[in-house]
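Notes follow once the structure below has been shown.
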Amino acid sequence: MATQSNVLTNIGQVETQTAKRRFRLKPGDIFLYGLMVLLAFIFIFPFFWTVSSSLKTVQELRQFPPTWLPASPQWVNYNKVLTAVPFLLWTYNSLFVVTLNTLGVVLSASIVSYSFARFRYRGRDFIFMLTLATLMLPAQVTLIPQFVLFHKMGWINTLLPLWVPAWFGGGAFAIFLIRQFIMALPRELDEAAIIDGAGYFRIFWQILAPLCKPVLATIFVISFIANWNDFVNPLIYLQIPEKFTLAVGLNYFKQFPEMGGEPTD
């Protein structure tokens with residue numbers, strides 16, 4: 001029994017010494033952890049400042065130097081936002097547009113990319129190069145023709161111009177990225193599926209599309225962020241406050257000085 005107790009004691013001492021040696025901080029580690037804490041504070045600060053500002057009075061918002069925390073949190077500010085403007089409706093409009101637009105980009109761009117990567121037909125490479133050439137065109141070049149077209153179609157003051165075009169190709173950048181990814185996949189996958197009796201659509205949907213999940217996820221994230229932050233297109237096509245997205249709706253607050261907007265003379 002004494003021998004067994006001594007062995008257990010020695011094992012405990014060894015584990016304690018190993019733990020101390022493992023968690024011993026070096027000067028470089030202290031600097032690294034300090035840098036990580038500083039970066040964490042930098043990233044968290046905008047969220048802290050947003051919440052703090054939302055609970056301040058208008059006078060505190062315009063005060064200089066600014067105060068870190070409100071003297072008396074104004075929780076009523078959130079009620080004012082939800083009652084003064086259709087904030088929840090703007091949120092719904094944004095989610096509706098972003099969802100349909102992003103799905104349209106991913107689905108249509110993947111189908112077009114599949115055509116460019118796997119099918120052989122006359123003029124394929126020329127059409128692809130012409131598609132890439134559109135990347136050099138600034139968005140302002142097509143802005144007026146698109147507005148005239150949508151106006152004649154009666155789409156002004158509707159959400160249609162913000163998501164319908166995404167279902168017709170998805171954009172040159174998305175097509176290029178997905179096409180290059182598909183071309184890196186071996187053609188033997190297609191040939192084996194054809195031997196088993198699979199058609200082109202089944203090859204794309206059940207074989208290539210699952211393998212393209214990384215690039216499709218990339219396109220999804222890029223498109224989602226771009227459409228969520230889009231300000232110009234909703235500003236051009238929407239003039240009715242009930243149709244606004246959040247990007248335009250937040251700018252609408254400028255006409256309310258009591259909510260922190262710019263005072264008018």
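Just a few scattered comments:
- Matching residues, region 198-214, being surrounded by 16 or more Cβ atoms within 10 Å (Cβ to Cβ) and either over 13 Å from TYR114 (Cα atoms) or touching a strand residue (DSSP E or B) at 6+ places or on another chain (Cβ under 9 Å) (or both): ALA198
- Among (1) at pLDDT below 90; (2) part of a loop (DSSP other than H, G, I, E, B); (3) in the same structural domain as LEU107 (by TED's automatic domain parsing), the one test that PRO186 misses: (1)
- Filter pass, LEU137 being at pLDDT 90 or above and either within 21 Å of ILE222 (Cβ to Cβ) or of a type outside the set (Val, Ile, Thr) (or both): no
- Scanning region 66-109 for residues that are more than 25 Å from the chain's Cα centre (by Cα), without any contact (Cβ under 8 Å) to a residue 60 or more places away in the chain and farther than 19 Å from PHE48 by Cβ turns up VAL76, ASN79, THR83.
The values are calculated or read from the model by the stated rules, or taken from the named source; none is laboratory data. Everything numeric in this text was worked out from a predicted model, so none of it was measured. Neighbour counts run over all protein chains shown; Cβ positions are idealised from the backbone, glycine included.
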